[in-house]
Each structure stands twice: as structure tokens, then as C-alpha cells.
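Nothing in this text is a laboratory measurement; each read-out follows from the coordinates by a stated rule. Fair warning: this is a prediction, and the values are worked out from it, not measured in the lab. FYI the Cβ positions are ideal-geometry reconstructions off the backbone, even for glycines, and counts take in every protein chain you see.
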Amino acid sequence: MTETIFAPATAAGRAAVAVVRLSGPGTADAVRALAGRLPAARRASLRSLRDGQGREIDRALVLWMPGPASYTGEDSAEFHVHGGPAVVASLLAALAGLGLRLAEPGEFTRRAFEHGKLDLAQAEGVADLIEAETEQQRKQALAQLEGRLSDVQARWREGLTEALAYFEAAVDFPDEELPADVAARAAPVLQRLAAELEAAIADAERGERVREGFRIALVGAPNAGKSTLLNALVGREAAIVTATPGTTRDVIEVPLVLAGYKVLLADTAGLRDTEEEIEAEGVRRARAWAESADLRLWLVDGSATELPGLPDEVGEGDLCLITKRDLATGPAGVWAAEVARRMDIPSAEVTAKGPSDMAWLQRTLGELVVAALAGAEPPAATRLRHRELLEEAAERVRRAMGEGSELELAAEDVRLAARALDRITGRIDPDHVLGRIFATFCIGK
């Protein structure tokens with residue numbers, strides 16, 4: 001990497017301070033050109049910054065961080081200037097005039113990865129930490145940045161190396177005076193490893209849900225109060241509420257935070273048979289979203305006289321809400337309570353107009369989210385990419401343990417399992433995969 005890159009590291013717009021970062025072999029010359037001389041390493045110094053024509057840009061704090069003791073492992077610097085857009089624009093123009101290149105998204109972190117400052121799992125932790133919206137997302141991302149997944153992966157790989165040594169000893173030195181059970185000694189190692197991989201795979205979905213959001217679907221017949229309840233829970237008019245059946249035609253997703261976790265709450269089209277093409281598509285999407293949700297809230301208008309029917313998607317672990325508690329109870333409310341009892345799912349009468357009802361519902365939903373996502377410690381795997389590679393490694397380990405497996409084939413399966421684990425931390429990975437991962441970062445990181 002011979003190019004020197006630069007980028008703003010703070011968001012666009014007016015602010016008290018804006019930070020512009022540099023990295024690459026030309027960093028020292030760029031700092032001298034703008035600030036006159038290099039400041040002491042890793043010590044903030046006040047400097048007057050001037051462009052190529054000698055015009056003053058701003059008085060700024062300058063930080064000089066020679067490599068390899070820097071974030072990227074290269075010579076790096078930061079300019080802390082006043083946060084006005086004109087100041088930042090002038091500084092960026094001056095850097096471009098020196099022949100430096102504007103960084104691509106994630107390029108600073110990619111250089112840190114390529115210089116061995118971070119592995120790929122830790123780099124993904126950086127991205128997750130930047131994107132964190134909730135306390136639990138922050139904790140999970142910080143654990144990954146600090147090497148939780150990387151440390152576990154290293155231990156797994158060490159186990160695979162031990163098992164492979166047993167197999168290869170039996171294959172390569174059959175005539176040597178080795179213990180007769182040398183290949184069999186790999187079995188307990190692989191059994192332990194398989195159990196740990198299966199546990200990590202099972203826990204990976206929890207990590208993905210913490211990152212992406214726990215999905216809660218509001219389902220029920222038209223006019224059951226889904227949109228009204230969604231608006232009450234999120235504290236704003238996110239969905240249109242009218243007395244006309246079929247007002248909600250598409251899935252309306254609204255993020256909120258419950259018990260420190262990100263939740264995606266979805267208002268869906270009223271479930272009913274309809275000949276109207278647009279509404280029918282809305283019902284189809286509602287059923288698809290509800291089916292993939294982590295929790296379904298089945299809403300029934302408790303004051304209705306007509307029985308609405310039970311959605312196919314509702315089942316064990318879901319919650320029945322009999323709405324419009326402030327109105328007289330009708331046959332639908334009685335029927336829904338009995339159906340919920342027979343299905344062994346909790347039911348409760350609520351009204352979106354009652355602050356105490358909404359406080360209870362938020363507390364209840366928070367408890368359900370915590371029960372689903374909380375654990376003694378953050379999960380090791382947090383992304384679909386991690387889970388797929390863990391599944392590949394686990395499958396290879398199972399094949400290596402299979403009865404009647406030839407030693408040469410078992411050894412090859414162990415090698416391929418190690419290769420899958422190496423791709424988690426980026427020890428081996430196609431360049432296009434790395435490019436796709438780092439492209440999700442913001443510019444300047």
C-alpha cells in the first residue's frame with residue numbers, strides 16, 4: 001500500500017470539533033506541508049494549518065502517530081479542527097492538493113487488518129461498535145473487538161491441530177513404534193470440539209438477534225387495534241389509524257429499545273380473505289413477516305361480536321392481547337381468552353388508551369426479550385457469516401468422527417474444518433469477501 005489516504009472521521013455538519021485522519025507513507029510530509037513541522041509523537045500540539053498557497057485554514061490540534069504503533073500500523077495523523085463545514089472542506093481540499101487520496105469506506109480498518117493490528121472478527125466488532133444503538137449491542141460489539149471470538153477460534157483450531165497430528169502420525173508412520181491407538185486418541189478431542197461448535201452455533205442466532213433486533217409481529221384481524229397499539233408502544237404516530245378495515249396494506253417496521261435490546265416492532269395488514277389485489281399482497285407479506293418473527297402478539301378486538309379466527313402463525317411462546325378493554329366485552333373477547341387457555345399461551349386484556357396497560361406491556365415484552373437474548377456472557381459468533389462457517393467446521397468434524405472413515409479422509413476433513421475456522425478471523429479469505437465486509441464500514445474508519 002503506497003498511497004496515503006485521508007478522510008473526515010466525524011459526521012458531516014456543524015460541530016464544535018471535526019477530526020480528519022491520515023494514514024500511509026506520505027503522512028509525515030503532509031503534516032509538515034500543512035502544519036510546518038511534525039509534533040512530538042502521540043502528543044497533541046496546536047498548529048496553524050496552511051494550504052499550498054500559504055493561506056491559513058484554521059488553528060488546530062495535530063496528532064502525529066508514527067507506525068507501527070498506530071491504529072492502521074502505518075504512519076498516521078489526525079487534525080482536530082473547528083467543526084464548520086467550510087473549515088473541513090478547505091482542509092480536505094488542501095490534502096487532495098498534496099496528492100493524497102480520499103479513503104474508501106472501511107479502508108483505515110482494512111489497513112489495520114492487513115498490518116495485523118486486528119483480525120477480521122475484531123474488525124467486524126469495530127463496525128458493530130460504531131453501529132451500536134443499544135447497551136447490549138455495545139457490550140456485544142466490545143467483546144468481539146476485544147477478541148472473544150478470536151480467542152475461542154484459536155482454541156478450537158489448536159484442538160483440530162492436535163487431532164490432525166494423531167491422524168497424520170497413524171497415516172505417515174504406520175511402521176514406526178507408535179501406540180496402536182494413536183488415531184483413536186483424536187476421538188475425544190473431536191468430540192469435545194464438536195460439542196463446543198454446536199453450542200456456539202446455537203448461540204450464534206442470539207448474537208445475530210442482538211445485532212439486528214428482536215422481531216415482534218402484531219397480527220390479527222382488521223380493526224383489532226394493531227396500529228393503535230404500535231403507536232402507543234413507540235410513543236408516536238408511526239402507523240395510520242382509521243376505522244376502515246384494510247387501512248394497513250404493508251408491513252410497518254418501527255425500531256425501539258426494550259430492556260437495553262433493539263427490537264423491531266411490526267404492524268401488519270389485517271388477516272382476512274380479500275379479493276382486493278393490494279390488500280391481498282399486504283396479507284401475504286404480513287403472514288411471511290409473522291412466520292419469521294421471534295414473537296407474535298395476537299390481537300383480538302375484545303368488544304367485537306364476530307369471531308376473527310386464529311392466525312396459523314400463532315403458537316407456543318406467543319402472547320394473546322384482547323384489546324379495547326375500555327369497551328364492553330363481546331363474544332370475540334371471551335372466545336380469544338378460551339382459545340389462548342387451550343393453546344397454553346398467556347392472554348391479557350389491554351387498552352392502548354391506558355398508560356398503566358402500556359407500561360405493563362412494555363415491561364412484559366422487555367422480560368420476554370431478555371429471556372430470549374440474555375446470557376451469562378456475549379455470544380462468540382454474532383453474524384450469519386460466522387454461523388455458516390461454524391456449521392461448515394462442525395460438519396467436517398462430524399465426518400471425521402464417522403465410523404468407518406478412512407484415516408486419510410478423516411485427516412482431510414479436519415484440515416477443512418480448520419480452514420473454515422481460519423476464514424472467521426480472516427487468516428484465509430478471498431479478497432472479494434474482504435472487500436464486501438469492509439465496504440459496510442463508514443468512511444473515515
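Work out, step by step, the length gained on full extension between residue 326 and residue 341: first 0.36 nm times the residue separation, then minus their alpha carbon distance; give nm to one decimal.
Gain on stretching residue 326 to residue 341: 3.2 nm.
Once R0 is set to 25 Å, what does the formula 1/(1 + (r/R0)^6) return for the Cβ-Cβ distance between residue 161 and residue 367, expressed as a FRET efficiency to the nearest 0.05? Present the calculation step by step, with values, prior to reporting the outcome.
Numbers: r = 44 Å, r/R0 = 1.75.
E(calc), rounded to 0.05, equals 0.05.
Stretch residue 32-residue 307 to full length: gain in nm at 0.36 nm per residue minus the Cα-Cα span?
Length difference between fully extended and current span is 91.2 nm.
Within the chain, which DSSP H helices have Cα atoms that stretch 20 Å or more along the helix axis and a mean Kyte-Doolittle hydropathy of at least 1.0? All intermediate terms of the calculation are to be shown ahead of the outcome.
Working: long enough: 148-172 (36 Å, -0.28); 186-212 (38 Å, -0.21); 277-292 (23 Å, -0.86); 355-373 (27 Å, 0.61); 384-401 (26 Å, -0.93); 407-425 (28 Å, 0.25).
Sorted by number, there is nothing, because no helix extends far enough and scores high enough.
Which one of 229, 407, 321 has the biggest mean-square fluctuation once the chain is modelled by GNM with Cα springs under 10 Å?
Answer for the Gaussian network model of the chain: 407.
Can you compute the modelled spin-label distance between residue 130 and residue 16, with each label point 7 Å from Cα toward Cβ, in nm?
It works out to 2.3 nm between the two label points.
With r as the distance between the Cβ atoms of residue 292 and residue 442 and R0 = 30 Å, compute the FRET efficiency 1/(1 + (r/R0)^6) and round to 0.05.
For residue 442 and residue 292, the calculated efficiency is 0.55.
Report, in deg cm²/dmol and to the nearest 500, the calculated mean residue ellipticity at 222 nm for the chain, where each DSSP H run with n ≥ 4 adds -39500 (n - 2.57) and the sum is divided by the residue count. Kindly include the intermediate steps, with their values, before the conclusion.
Numbers: 14 runs with 207 residues, N = 445.
Rounded to the nearest 500, the figure is -15000 deg cm²/dmol.
Using the alpha-carbon centroid of each, what span in Å lies between segment 399-445 and segment 141-155?
16
Normalising by the residue count of the chain, find the relative contact order in percent from Cα pairs under 8 Å and 6+ residues apart.
The value is 17 percent.
Can you give the net charge of the other residues whose Cβ lies under 13 Å from the Cβ of residue 44, counting K and R as +1 and D and E as -1? It would help to have the intermediate numbers written out before the result.
Numbers: positive: 42, 43, 47, 59; negative: 78.
The answer is +3.
What is the extension gain from residue 384 to residue 69, computed as 0.36 nm multiplied by their sequence separation minus the C-alpha to C-alpha distance, in nm to one decimal?
Values: separation 315, 0.36 × 315 = 113.40 nm, distance 3.26 nm.
Full extension from residue 384 to residue 69 adds 110.1 nm.
Efficiency by 1/(1 + (r/R0)^6): what FRET value for residue 431 and residue 348, r their Cβ-Cβ distance, R0 = 51 Å, to the nearest 0.05?
0.40
Which entry in (i) 38, 30, 21; (ii) 49, 39, 16; (iii) 58, 24, 18 is this structure's computed semi-axes √(5λ) of the Cα gyration tensor in Å?
(ii)
Going by average Cβ density within 10 Å per residue, which order do the peptides 346-357, 295-306 take, highest to lowest?
Numbers: 346-357: 16.7, 295-306: 21.5.
For the peptides 346-357, 295-306, the packing ranking is 295-306, 346-357.
Count of lysine pairs in the chain with Cα atoms under 24 Å apart, counting only pairs 8 or more residues apart in sequence or on different chains?
Count of close lysine pairs: 9.
Over segment 43-98, what is the relative contact order in whole percent, taking alpha-carbon pairs under 8 Å and six or more residues apart?
29
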